[in-house]
């Protein structure tokens, strides 16, 4: 579970050797600690002519205590920024893309380590002309290239913001901006995130964004699930930690550590959804957030795979999520403002050798988000997924060294992510303040080269 | 422009060494030669219970002279197939995905080299329930994994077919099936293709699918453009080959070779669209197919990039396409049944270091397809893009050896593609028979690992 190479690189002797030999140079990523300021330096905020979000962003970041700088006044070539934020919503044709160059070119070396690049755009469906939609779609090529180019732990994202959010509810964009600017999004890069209108409630304290929320986490005994339970509890949630009876001891340990409750349940049992629903109803009367984290792998090439391996993986990773959602929704246990977050995988996006079963189940999770989120939106419930890339867990520690090293280094951070990185991302999607974010699949992969 | 390693691997001594050392083993891909049968062996056609396309597929493949086999009768374990085609439209929930396993598991080793896997599904918008949409989306994980797993030049694709096409126009699916089964799609794998209703006209001779069509190819003097001019002419098109005046000699050579005409024009000149329109109007009275192939790179990291490099790349690769489309469409020079095909790039999907300008322009091309194709559909004109991966050209021959080798091998074919592979794919999208295919971005990348 440790990346010894990264530790070595960050040592004195390591640094010298890495520089001399031109070896991969994984930076130490800025991660979130409660009480941290949102950003460790000033933020440069620019906007294309005629953009519609800069004013709102200025207001909310100023209120958040961020020191904002104006590109017109940024004449000091030695100035360093924690983030470059650019409102590109005013760009209405391909010639107008030049404004991106004008903003980013002089600042390409001005970011602090683990700096942030955030570009704001208009989703295609809301563009007035094909030329505007074309230019807005082109933003993706820029942000993904910047993510691959800037290095030193810098992340780059494109956020498409619907017009609905312009006037009424600045909080809808605030949650996403806060997540992306903070150390919580350390291992999220090269992503396209869609923010719309929705039921968003600002927390009293942005350091406890889940205060009082009842959160169910499946597969909570180990790895990403255990990290998740800890992060959500840290952020104020009452965590209901669920895992199979065989993992009971580890589960109890996690639940005790965070002051949550433990539920031992095999999710594939026919009566699991109703038993779970009854437990939640009797103990809490509701569940505000459901995180479908439980998942298994049973790898074999298709020709060597027995039917049980296929069935188990599809059932645990996909069908059981559907059954549980259906029962909890039927019984109205997830109130308006509720959140469902599912765990998909890069394998569900790109496919993977030896994982036809796993990739099918995880692609299905993406289908679940696509198809069910519009239905749940009507009820004020959001549904999103995260797709982890190479995350350092006891599972990845078992991968043969060379393949493990390739997986670790083939991303813009030149290192694997930590379970806490996935947990922080799920946490953001679970916040009451994130109601404007639904139907997204967000990769937590350090902008892995792998994709489709 | 030659992959010496691949040639070596295909030699007698090379084969022995590759086997012994476990080196990458790029197979010799089956490519199309006029007069070839559609497939070099029988095709196994299966269907999930309640599927809606198998009957149509049986009819059209039988008429195409394909020897079809039924999985229920496929008891001979030594039988070898040219393709496995599976109609998955009957799968309505995740438990039903088991039928995929039941079909593919016993046949995982039954494909001939350069065999084909084709899965047919229903697009999300036409699924009756979220559960059905979830299961149909899960098909992507399966096909992409099979593409990575089967090896030996086998390709795997997922084709979503709208219900519109069920009854009336079998030709709409036929063009796509013929392309995917044939050697024309040698380097296309892991793709998701959407086929709907549209103006599709079957050719008199499927070996001359572009008979009599007036086709404009920009950037036709060299590389992919020259291969494209040859392939389109071979398939019956009257090719108008366009390139900049500086490439006039090479352009004339290509045009003479294929019996086409040459147009020397700088597409970024302000009067280029009208001059081109006038040329096409006076010589041909129309243009049936426009292929926007002209493109340039001016690589630099963003901090070192001068404004000219940004402007030129955006203008040649994106804005000039928009200007030309607009003028040709305004003057009604592209008739109903017309086709526009643009060339995007993997860099436009995934971003690339040192290519902020290029990736932005190529992502814009995807935006052009997304936003303009619904408008053009009303006029009976299709608009699609191809996104080439690593293609062996004089440009890639200049890439340093190690990076070139990585680019070449990091895909399911373990080799770079040839210009003809991109040309064949563009050709298919240009056929009068392909009217049901619009709004697609098809990668020609051998299922490169790179993506987003």
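Checked against (1) within 10 Å of another protein chain (Cβ to nearest Cβ); (2) at negative phi, residue B:161 passes all but condition (1). Quick check on region B:372-389: of everything there that is surrounded by fewer than 24 Cβ atoms within 10 Å (Cβ to Cβ) and more than 18 Å from the chain's Cα centre (by Cα), which residue is nearest to the other protein chains (Cβ to nearest Cβ)? Within region B:372-389, the match that is nearest to the other protein chains (Cβ to nearest Cβ) is B:375.
Region B:283-362 holds helices (runs of 4 or more DSSP H) entirely within its bounds, and those carrying 2 or more residues that are in contact (Cβ under 8 Å) with a residue 40 or more places away in the chain and either more than 9 Å from chain A (Cβ to nearest Cβ) or more than 20 Å from the chain's Cα centre (by Cα) (or both) map to B:307-314, B:320-330. Can you find a residue in region B:20-35 that is away from chain A (no Cβ under 14 Å), exposed (fewer than 13 other Cβ atoms within 10 Å of the Cβ) and in contact with a helix residue (DSSP H, G or I) (Cβ under 7 Å, 6 or more places away or on another chain)? Yes; the residues of region B:20-35 include at least one that is away from chain A (no Cβ under 14 Å), exposed (fewer than 13 other Cβ atoms within 10 Å of the Cβ) and in contact with a helix residue (DSSP H, G or I) (Cβ under 7 Å, 6 or more places away or on another chain). Within region B:90-105, being touching a residue at least 24 places away in the same chain (Cβ under 8 Å) and in a helix (DSSP H, G or I) holds for B:94, B:96, B:97, B:99, B:100, B:103, B:104.
I'd like to check something: does region B:180-195 contain any residue that is within 14 Å of chain A (Cβ to nearest Cβ), in a strand (DSSP E or B) and in contact with a helix residue (DSSP H, G or I) (Cβ under 8 Å, 6 or more places away or on another chain)? Checked against the condition, which is being within 14 Å of chain A (Cβ to nearest Cβ), in a strand (DSSP E or B) and in contact with a helix residue (DSSP H, G or I) (Cβ under 8 Å, 6 or more places away or on another chain), region B:180-195 yields at least one hit.
So for region B:87-100 (the condition being more than 29 Å from residue B:134 (Cα to Cα) and modelled with pLDDT of 95 or more), does at least one residue qualify? Talk me through it step by step, then tell me what you get.
Here is the first cut: in region B:87-100, the ones more than 29 Å from residue B:134 (Cα to Cα) are none.
Checked against the condition, which is being more than 29 Å from residue B:134 (Cα to Cα) and modelled with pLDDT of 95 or more, region B:87-100 yields no hits at all.
Residues in region B:238-282 that are in a helix (DSSP H, G or I) and touching a residue at least 40 places away in the same chain (Cβ under 8 Å): 7 in all.
Only one residue in B:128, B:115 is crowded, with 24+ Cβ neighbours inside 10 Å and either more than 7 Å from chain A (Cβ to nearest Cβ) or not in a helix (DSSP H, G or I) (or both), so which one is that?
Working: B:128 fails: crowded, with 24+ Cβ neighbours inside 10 Å.
Of B:128, B:115, the one residue that is crowded, with 24+ Cβ neighbours inside 10 Å and either more than 7 Å from chain A (Cβ to nearest Cβ) or not in a helix (DSSP H, G or I) (or both) is B:115.
Scanning region A:1-34 for residues that are modelled with pLDDT under 75 and under 24 Å from the mean Cα position of the chain (by Cα) returns A:1, A:2. Of the residues making up region B:392-414, just one is modelled with pLDDT of 95 or more and in contact with a helix residue (DSSP H, G or I) (Cβ under 6 Å, 6 or more places away or on another chain), namely B:412.
Residue B:175 meets the stated requirement of being buried (at least 24 other Cβ atoms within 10 Å of the Cβ), within 21 Å of the chain's Cα centre (by Cα) and not assigned by TED's automatic domain parsing to the domain that holds residue B:322. Here B:261, B:319 are screened, and the one residue that is closer than 20 Å to residue B:348 by Cα and in contact with a helix residue (DSSP H, G or I) (Cβ under 9 Å, 6 or more places away or on another chain) is B:319.
Examine region A:399-418 for a residue that is in a helix (DSSP H, G or I), more than 14 Å from every other protein chain (Cβ to nearest Cβ) and either under 29 Å from residue B:191 (Cβ atoms) or within 11 Å of the chain's Cα centre (by Cα) (or both), and state whether such a residue exists. Yes: one or more hits. Taken over region B:49-79, the criterion of being within 29 Å of the chain's Cα centre (by Cα) and either within 14 Å of chain A (Cβ to nearest Cβ) or in a strand (DSSP E or B) (or both) is satisfied by B:68, B:69. When residue A:81 is tested against the conditions (1) over 13 Å from residue A:177 (Cα atoms); (2) without any contact (Cβ under 8 Å) to a residue 12 or more places away in the chain, the lone failure is (2).
Quick one: would you say residue B:451 is closer than 20 Å to residue B:28 by Cβ and within 14 Å of chain A (Cβ to nearest Cβ)? Step through it out loud before you land on a result.
Details: closer than 20 Å to residue B:28 by Cβ: no; within 14 Å of chain A (Cβ to nearest Cβ): yes.
No; evaluated as a whole, the condition is false for this residue.
The values are calculated or read from the model by the stated rules, or taken from the named source; none is laboratory data. No experiment lies behind these values; they were computed from the predicted model shown. FYI the Cβ positions are ideal-geometry reconstructions off the backbone, even for glycines, and counts take in every protein chain you see.
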